[in-house]
Each structure stands twice: as C-alpha cells, then as structure tokens.
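Please read the structure below before turning to the comments.
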Amino acid sequence: MSECKICSGDVQTVHFGESPIAGYRCADLQDSLSQPTIPLNFHFCPTCHFGFYTLLDEARPVLDRLYSNHFPTYHVTQEIENYHDSFIQKVKGLTEATAQPRILEIGCNSGHLLAKFAKNGFECRGIEPAKTFKDVWSELGIQVLNEYLTATNFDDVVQRIGKFDVVYFRHVLEHIEDPIQFTELAAKFLTPEGSLIIEVPSLELILERERYENVSYSHLNYFTAAAFQPIAAKLGLGLKEWSFVEMDGGALLLVLTRKASEPTKLPRTISFQHITEFKAGLDARRENVHAKLRRLGAKVNGFGAGAKGQHLIHLLNLEEFIANIYDDTIKLGEKYLPGTSIELKSSSAGVPPGALLNLAPSHIAQIRRRFESTHQLIDLI
C-alpha cells in the first residue's frame, strides 16, 4: 500500500521481520507448524504520524480464529484495578449531569470493567465477538451482544440497544482494518451530548520505551496523538482532551464529542528516523539476547503464553533457545505456541528452577516478585 489510510498521504516503510500471528494457542504440532508467517512491513505516514500494517488475505482467517476464541486480555492486578477506578472517575466527571448514565463498551472482553461501571450506577451494555466469555458475563450480571460490530449490522444493533451517554473502547481500535469507519459507527451510538472515549497503544511511547512486543501484526494500526486530529475532522467530531496513561507499556486516552471544537494543538514528536532507529534497536536486542542465552549452554523455560510474549519469541527468533512455556492460564487442548514446536505447560504444579524468560511484558513487576527468589529471571523488555 502506497498511501496512508487516514490522510491518503505517502508513506515510508520499514521491514521488522516475519512472524506468525500471536495471541492464540494450538492443539497439536501439525496445526502449530501450519500457521502462516506474515511479513511485518510497517508503514509510517510522516504527514499525520500514523503507522499501520496492511491486512493480508492469508491473515484474515487467523485473526478471526484469534478474536472468536479470545481469552482474558490481562490478569487483573491491583495496578489495573487502580487504573480502572481512575477511568470510572473520569467517566463520572463526563456524565455528572445525568441521573443514570447509559454506557456502552465495544470489545468488552471478560466484562470486568463494565461490571464495575454497573456497581457505580451506570446502565451498561457491551459488544464482544469472542465466544469464550458467556458464563463470565452471566456471573457478572452484564448484558453483552456476542457479535462483531460492522456497518452491515449497525442499524439492527442500535435498534436493539439504543443510544448512550458514553461509548468507550480500550485497546480495540489498533486491531481494526478500517479505524475511521469503526470510530464513525461507535460515534453513532452517542446521544447529542455524549462522549466517545478511546484508549490505544501510543506509538510515541512504543518507540521511546523500545516496547518491541507492541508491534505485532494483530495490531494493524499505530496511533500518535497527532493522528487523531484528521480522524476527528473527517468525522465531524471534536477532540475534547487527550493524555498519556500507563497501560500496556504506555497508551493514549482520548475523549471525543459530537460538538465541533477548535483543533487541539497536538505534538508531532516522531519521524521516520525514529522508526528506523527502533528497528536498529530491535536488531541489537536480538543479538544481545541470543548471546546471553548461548552463554547459558542449555535451553531455558519461559513464563507467559500471551500474545505479547509470543510475539517477542517470534520477533527475537528465540524458538531454538526455549524448552517449554509455562503459564497460569493454559487450558485443556492448548499445547503449542503458534508457528513453533514449543510446548505449553500449566504452572499449576510449579515452574522448574533455573533460568526463566520473562514473557509477560505487561506484568514484569508481578513476575519479578513471584520468581526472583527462585529463578534466574531474564527480562526481554
């Protein structure tokens, strides 16, 4: 693709490597080794400071498999609970004039945050395509439409669930092929005075903090604060506020409204040079990690079988160094990491002592507290 899908400007491209899509698990070795390898050709628009991968046909069925069988996005630690509480307070500030505000979460995953909104007096609805959470939603007592939101089914969906004072989606838009159309559909759920809240990984912070796990192919879109200016303008929305937040290695939190506003002055802090420097840092990190693992003289185990850990294994070419991957969330029938012969093991019976790769970048502190006295931990980020 030679043009930006936000502003149609020319793009520049860097090749990060090749990788199977991360974020799911395979039942047998044949299934694992048959997974397609995707070229990571990262496009960057110097005009609107937006980055993206082109969605390839061979990736579509894999992504559908991933999202239809999604497991919980993260372990709910105290840090995450604290962030959820601050997020709820922000939304309360936007809806203080409404007696019982209606709120919609698109891509609500397990529904944990939505259930907290219900306890805080909100009338809640969710939309989520994954087929794995029905029992959880029932236990939490929340109402969720278990389907994708598309332009085709939008009219039917809005007839069923109505309009809302707040619509939000967190760490969803980076997965969407057409982020402008998706944002437009979400905004149509708003009441005239409603607010649209979007949280996405920050490209600025990914580059600054060298968060290599956050450039996986399942994230098709990479946003800066500046990239939302043309998105809001195209949709006739006003960008009310934005900020950086400490989630998943660093994210952007934005509030948009139906009311047009004067363009917010947004920082343009990155260039294509920053992308190429990031790539050089990735190559150096790969060489350094390989050298460290070779010095150990034997294969090591890893902890963390989630999407980000999987992507680090592929991006850093670590398969040859890893014996097994342990995780707390391994279910019956989940035996292999996609695209590899690495076996998955439940940590319920313990993790063998010795060197241990930390493959859960969003939970680095928790993993350190858990294993630092019993294992030789090796951090990749």
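The charge dipole of the range 74-217, taken about its Cα centre with unit charges on the Cβ atoms of Lys, Arg (+1), Asp and Glu (-1) only, comes to about 460 debye. Each eigenvalue of the Cα gyration tensor of the range 249-330, multiplied by 5 and square-rooted, gives one semi-axis; in descending order these are 38, 20, 7 Å. Maximal additional length on extending the Asn82-Thr329 stretch stands at 86.6 nm, based on 0.36 nm per residue less the C-alpha distance.
Please compute, over every Cα-Cα pair in the chain, the percentage with a separation greater than 31 angstrom. Here the long-distance tail beyond 31 Å is 37 percent of all Cα pairs in the chain.
The overall shape of the range 111-216 is prolate: from the C-alpha gyration tensor, with semi-axes ordered a ≥ b ≥ c, the ratio a/c is 1.5 or greater and a/b exceeds b/c. When both bridge partners sit in the chain, DSSP labels roughly 50% of those beta bridges antiparallel. Over all other residues within a Cβ to Cβ distance under 13 Å of Tyr83, the charged ones net out to -3, with Lys and Arg as +1 and Asp and Glu as -1.
Neighbour counting of Cβ atoms within 10 Å sorts the residues Asp28, Asp165, Asp178, fewest neighbours leading, into Asp28, Asp178, Asp165. For the pair the range 323-338 / the range 123-185, the C-alpha centres are spaced 29 Å from each other. Cysteines in the chain that lack a partner Cβ within the 4.7 Å cut-off: Cys26, Cys108, Cys124. Only Lys, Arg, Asp and Glu carry charge here, each on its Cβ (+1 for the first two, -1 for the last two); on that basis the range 22-70 has a dipole of about 160 debye about its Cα centre. Each Lys and Arg Cβ is given +1 and each Asp and Glu Cβ -1; about its Cα centre, the chain then shows a dipole of about 520 debye. When Rg and the Kirkwood Rh are both derived from Cα coordinates, the Rg/Rh ratio for the range 21-69 amounts to 1.09. By other beta-carbon atoms within 10 Å, ranking Lys308, Lys5 with the fewest at the front produces Lys5, Lys308. Contact order normalised by length for the range 316-357, with contacts defined as Cα pairs under 8 Å and 6 or more residues apart; what percent is it? Relative contact order, the range 316-357: 39 percent. Only Cα pairs under 8 Å and at least 6 apart count here; give the relative contact order of the range 1-115 as a rounded whole percent. 22 percent.
Across the chain, Cα pairs under 8 Å and at least six residues apart give a relative contact order of 18 percent. Summing +1 for each Lys or Arg and -1 for each Asp or Glu among the other residues whose beta-carbon sits under 12 angstrom from that of Pro39 gives -2.
Each reported figure results from applying straightforward, stated rules to the coordinates on display, with no laboratory input. Values in this document were obtained by computation on a predicted structure and should not be read as measured data. Counting neighbours? That spans all protein chains shown, and the Cβs are built from the backbone with ideal geometry, glycine included.
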